[in-house]
Structures are given as structure tokens and as C-alpha cells.
1. Considering only region A:328-358, state which residues are open to solvent by 20 Å² or more (accessible area, probe 1.4 Å) and either under 17 Å from A:Val537 (Cα atoms) or assigned to a loop (DSSP other than H, G, I, E, B) (or both).
2. In region A:225-253, how many are within 14 Å of another protein chain (Cβ to nearest Cβ) and part of a helix (DSSP H, G or I)?
3. Quick check on region B:67-85. Is at least one of its residues at pLDDT below 65 and either surrounded by 13 or more Cβ atoms within 10 Å (Cβ to Cβ) or not charged (D, E, K, R) (or both)?
4. Over 19 Å from A:Leu463 (Cβ atoms), basic (Lys, Arg), out of contact with any Phe, Trp or Tyr (no Cβ under 8 Å at 6 or more places or on another chain) and in contact (Cβ under 8 Å) with a residue 24 or more places away in the chain: which single residue out of A:Arg545, A:Arg532, A:Arg496 fits that description?
5. Within the bounds of region A:88-111, is there any residue that is open to solvent by less than 20 Å² (accessible area, probe 1.4 Å) and at pLDDT below 90?
6. Are there any pairs, at least 6 apart or on different chains, whose C-beta atoms fall under 6 Å, with the first in region A:114-135 and within 14 Å of chain B (Cβ to nearest Cβ) and the second part of a helix (DSSP H, G or I) and open to solvent by 10 Å² or more (accessible area, probe 1.4 Å), and if so, which?
7. Hey, among the residues in region B:95-119 that are at pLDDT 60 or above and open to solvent by 80 Å² or more (accessible area, probe 1.4 Å), which one's farthest from the other protein chains (Cβ to nearest Cβ)?
Amino acid sequence: MNILGISAYYHDSAAALLQDGVLKAATQEERLSRIKHDKSFPLLAIHECLLMSGIEADQLDCVIYYEKPFLKLERIIDTITTGIPKSFSHFFTAIPLWVKSRLWITNEIREKLNFKGEILFANHHESHAAAAFYSSSFTDATIITLDGVGEYATTTIGYGSGTEIGISLEQHFPHSLGLLYSAFTQYCGFKVNSGEYKLMGLAPYGKPLYKQIIYDHLVKVYPDGSYQLNMKYFDYTEGLRMINSRFINLFGRPMRTHESNMDSFYMDVAASIQEVIEEIVLKLVVAARSLSERSNVVFAGGVMLNCKLNQKIVEAQIFKNHYFYPCPGDAGSAVGAAFLAWHNYYKKERINFSLQEVYLGTDTSNPQSESVEECLTRLQCPFVQPHNIFDDIADQISQGKIVGWFNGRMEFGPRALGNRSILADPRRAEMKNILNDKIKLREKFRPFAPAILEDKAEEFFHLHHTKYNTMMVTAAAKPGTDKIMPAVIHEDGTARIQTVSSIDNPDFYKLLESFFLKTGCPALINTSFNVRGEPIVSSIEDALRTFLYTEIDLLVIDSRYVISKEMNLEIIKNQILPKVYEDD
Amino acid sequence: MTDLLRNVQDRKICRKDRIQFAAVLLVFAGLFFYMKYVRYDVPVEDFIWEIAGVLVLLSTIVLFKSLGNSIIRVWLLISAIIGKIIFSALLFIVYFLFLVPLFGAIKLFTKRSPEPTTNWSKNTASINDYKKMG
């Protein structure tokens, strides 16, 4: 049975294909359209999933959309009518989009895929919950989802047991921790739905001086973990901005303009909201724990991309075992929706999920696609094939070279986990600035994360009851780690580590092992293979473009082909032209 | 117009006028109560005490003979010009769109509801209802 899950129209559209209960393919539309956070109907992603699964659209048994469009529209109309006349701008922005396309999703699926089968609709937060629970190894767990907003719900507590999931409690729009964080993201001069991770990265540079102001004026927290925002300070129910002048007056400084200089005030604001969010979510987790005897917990929803928050959750040990779904945002809901159809609609049994199923994207070894060698030959791209590539590349990295590492199937989700990565030596403190300035072309304060051999991670970091293999949780560095790998330890002494085992990613493990044998350092800087504003590279052409027009020294494809900046790349430069990406 | 004014000024305010005026006020309150709590069930602030408060205030004015008579005369005068039903409708709009929110804003007569202790709602979504778009 082939089930296609789709998420679209808000941000990060995606498609996922489940074949007899096994996740065969999943990818975000942005990776293929090359438009960051692309929210359009994920036609390219759907075709890619079909290609990778070796089927045609007419072989699909069911297509499931990740949310209920009518319910969402009802909430939007409710919000608009409550805010009239201030909400006119909201009305004129939102309603035409709905009338033109979003309400006709059924027709769109039928027409674009020429699909005649069953079309289903899941609930937004159930899709999040399903993605987290069914991809975990738990047969019984509490499910917590924290998000901007779905239909009405913004935060839910539910349960998963065997093949069944349910949501017990929910908080409704406009009270949303995701939107609260986005409001501060906007205030600090970053883009909403895009720059939240920058706010998180900024927080360790500041002091939480404004925490009490936030509690006194903006958010009320109840003892049972629920919360209420004071909507007097927010504009998102009425206008097109997140915050209003009252919010700005509360902090006494204007909203930071995009790309202007960062100063300590905004760092302190970032630190304050980060702490507030952590404290509220911890209360919520305590409340969720008290609802049942379950000792496992799984998390999903865009807020769970906050890896610093996740560190606090695992350190607090409120639950015994934790699982953070590696693609917790709306893109991941395509997977959740497909699981819901399989388990809840068709009543099928669970099939074990493994980390291999994070590598779900574009596949260079797909027999139906052009091979790597054919592609490089067609592009007249020079390359070499070293005898022992892992030793050779580890050696080059240890000498300060920066490597674009393009291997096998692309990751599904926001993190590059060793298949679409830029790698560098973490022992060199200056590497952080080099990567930010010359490769990634992004803000100086942004940290870098390490990939580390799984069996060595505990020597360098304090680990707790969760898996650290998907970069979803930061870990506190042990004393001395910052001397060994200074480029990956953030201002607050933590790092968003990715532990790598030979089962999770054999080639990447071999490279890390070679680097360890050569240097004694079991980690590499691992940052996503893209520049600022660019989606992570998907195809070989994407990788070549980013390699050619940044200061990456080497490009390694499929652990076999090495292209160096020292080669004559003029011909290929004429074929692959640079692209300009909008700042994120 | 002058004749109309003189007629209203000269006529005696009888019990029937007072009952009519009070009835109009009560109808306003009833309509508002019905729309807010029965028909639409708007879950915002509770205005029961504002309605009662405004009614008590206006009824008191009616009971004080000289002041009450002046108010009723104004009501009669405008009613005579534009018709009682239209004027009542206008009064309704003014009363509920202006006075009630005003009293609400200054927290006069507003019923103090107990502090909520939670913001959780029970899940309302139907898990198995996959065929529906909403």
C-alpha cells in the first residue's frame, strides 16, 4: 500500500511516501525548488518521492493532507471578525490566498497528480504527534507538541500507545509559545518563521534582564503548565506584524532593523525570552508527567527545534526517556499524516523506524537517475578518486581545509547529518569566523555544531537520557573540551552535538574515525551544505554551485569523487552559474 | 417643528409613557442578553452587571419625577419626529455599541469573574474523521 503525505501552504512544504508502513522517501519542496521555506504545493517533492520509491502517481492508494483546511479557515475568519476594523489588512492578505488555492486542495491534488484515489485530511497537531510517536522506538509514550499554530491548537499534550494516538489537552490560538518566540524574533530584527534559531543562538551572549517584564506583562503561566498571552502587546491577530507599539514601549527600545548592528540590549532580550520559554515548557512537561504513569516522552512541533530548550528538558529528567523528532516543524507533518493514514485509518501495525529513515531525500545512487560519474562527465567536471579517501580527506581537514561533503541520500529535516554537510577542523578556533565570513556568509555570532564519534561523546560532553544523533539537543561540554575543539563550543559552554555511529552513517563514521586517528580529536565541525538564504544542497549541480562560488576547498561526492579548487574549473563555471539568495 | 416641541412640552407625562420607556429599556436588555448569551454565546467579558447597572441607573432617573420627565420628553420628542420604532432602534445601537463598551472599559458594573486557574482545553478534534476537510 502506497500512502503519500503532504504538508503545504504555511511554510516548508513537503511530501513523504509510506510504502507498506515503511517510510521510503520524504523531502522538502525548498530543496528542489531552491526557494528557502518554499510553501507552495510540493509538486517537485512529490515527484521526487515517487521517483525514489519507484512508483507512479496512479499507484498511490491514498493521499493525506496534514491539516484540516476548513477548520483553519474558520479560525482565521474568527480572528479577523474579532479584530475588525484593525484586521482588514489581515483579511485582504489571507482570504484571497484561501479563495484562490488553499480551499481547493482536493482539486489540486487530483489535477496535478491525475489522482483518482482516496484523499484524507488529518488534524495539524495530530500530524505532528504522529510523526514523533510513530518514528520513536517507544510503544507507549506521552506526546507533547509545541507549535506556532495549526487549526486552533498551538500546544497539545497527548499519548501514544501501540498503534493508537490521542490528544488529551490543548491550548488554543492566539496563546502560543511559538508565536511568542516569533514576536521576539521580529523585535530583535530577524525574520519570522526563519530567524527563530538565530534568536536562540544569540541568547547565550546576553543576560536575562527582561525576564520579569515578560512575566509581568506578556505571559501568564498557570500552575498546570498552561499559559496565556496578554494580547494587548501583540498584533498578529489583527495586523501583519507580530508586535505592536505597546510591546515596543514596554522594552523602551525600537525594533531592531534587519541586518543592523547587534548590541547587548537585544542579546539581553534574546536571553530573557529564551529563559522564559524554557521555564514555561518545563512546567508544561511536569504537568504532562503528572497526567499518566508513562515514563517516555516524545516531542514535535516547530518550537522543539530549540535545542537549548531540549537540553533543559532532558537535564530536568522529568521523564525517563526522551525522543525529539528530527523534523519537528510543518515539513515533518507530511510524515506524520502518512503514518496517521496507515495506523489510524487503515488500522495497520507498526514497523520499526530507524535513523536510516532520516536520510530520505534525493538519492545519488537511484538507478532511475543519472549516476554521479555520468553527471560529472556531462558537466565536464574534473575529479580524482583517491585510493583511501577517508584518510586523505581527514588529512586535508586537519591541515585547515574546508570540505563540502555530499554523500548518498539527502537528510529530511533542517539538519545536515553528514550527507549534505560542510566539514572543517574544530580544533582551530579561527574556523568559526572563517566559516561564518567566507563560506556561509552569515552573522558573526552564529555558532557551529560538532559531529562526534558516538563512543567518544561522553568523554567530552555531559549526556542524558536521549539520543544525540540528530542535532536536536545541545549538551554541556565537560571541562577542557573547549580547549580541544574551541570552534564548536558556544558562548554558554554547550554544543549542539551529533553523535555518529557506524550504523547510523557508515561513511561519515569512517571519516570521523580517520580524523580521530590522525589528530586525537573525535569530532568535526558539521554545518549544513549551503550559504545564507540557500536551502541545503540537494543535487550534484547544487553542490557544485555552492562549492564553486564559496571558499570551500574540496568537494567530495559519494565518498569516491574529489574535486579540488586547485583543478581547472573554468569549463564547469561556464555551465553552472552563481545564484543570488535572499537573506534569511 | 415648533408646534411639535410645544405639544411635547405642554403635555402631561402619564404612567403609560413611563411604562413604555421602561419597557423599551427592558427590551434592549433582553435582546442584548439573548444575542450575547443564547444566540452567539460570545466567550468574552461578562456584561450582565453592566446591563443591570445601566437599567438601574436609567430607571432611577425615570423615578425622579422632574429629571425623569425631561428624559421622557426628549424621548417623546425625537420619537415624534422620526417614529418610536426607529428611535428605539437607534437608542439600541447607541446603548449597546457605545454605553455598554464604555462601562466595560471603565470596569463599571462589570462582574468580577473568578481568576481562571488554567488555559487548557479538552481536545475537540475527532481523530477518525479523516474524510472531512474541517
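The values are calculated or read from the model by the stated rules, or taken from the named source; none is laboratory data. For clarity, every value in this text was computed on a predicted model and none was experimentally measured. Neighbour counts run over all protein chains shown; Cβ positions are idealised from the backbone, glycine included. Ligands, DNA and RNA are excluded from the accessible area calculation, which covers all protein heavy atoms including side chains. Shrake-Rupley method; radii C 1.70, N 1.55, O 1.52, S 1.80 Å.
1. Across region A:328-358, the qualifying residues are A:Tyr346, A:Lys347, A:Lys348, A:Glu349, A:Arg350, A:Ile351, A:Asn352, A:Phe353, A:Ser354.
2. Looking only at region A:225-253, we keep the residues that are within 14 Å of another protein chain (Cβ to nearest Cβ), and these are A:225-232, A:237.
Checking the rest, the ones that are also part of a helix (DSSP H, G or I) come to A:231-232.
Matching residues across region A:225-253 total 2.
3. To start, the set of residues in region B:67-85 that are at pLDDT below 65 comprises none.
Checked region B:67-85: no residue is at pLDDT below 65 and either surrounded by 13 or more Cβ atoms within 10 Å (Cβ to Cβ) or not charged (D, E, K, R) (or both).
4. Values: A:Arg532 fails: out of contact with any Phe, Trp or Tyr (no Cβ under 8 Å at 6 or more places or on another chain); A:Arg496 fails: over 19 Å from A:Leu463 (Cβ atoms).
Every option except A:Arg545 fails the conditions.
5. As a first pass, look at region A:88-111 and keep what is open to solvent by less than 20 Å² (accessible area, probe 1.4 Å): A:94, A:98, A:105, A:109.
Remaining after also requiring at pLDDT below 90: A:94, A:98.
Yes, because at least one residue in region A:88-111 is open to solvent by less than 20 Å² (accessible area, probe 1.4 Å) and at pLDDT below 90.
6. The qualifying pairs are A:Ile119/A:Thr106.
7. B:Phe98
Every residue, every condition in (1) over 22 Å from the mean Cα position of the chain (by Cα); (2) assigned to a loop (DSSP other than H, G, I, E, B); (3) buried (at least 24 other Cβ atoms within 10 Å of the Cβ); (4) not aromatic (Phe, Trp, Tyr), yes or no:
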{"position": "A:Asp392", "(1), (2), (3), (4)": "yes, no, no, yes"}
{"position": "A:Lys401", "(1), (2), (3), (4)": "yes, yes, no, yes"}
{"position": "A:Gly418", "(1), (2), (3), (4)": "no, yes, yes, yes"}
{"position": "A:Ser421", "(1), (2), (3), (4)": "no, no, yes, yes"}
{"position": "A:Lys432", "(1), (2), (3), (4)": "no, no, no, yes"}
{"position": "A:Asn436", "(1), (2), (3), (4)": "no, no, no, yes"}
{"position": "A:Asp455", "(1), (2), (3), (4)": "yes, no, no, yes"}
{"position": "A:His464", "(1), (2), (3), (4)": "no, yes, no, yes"}
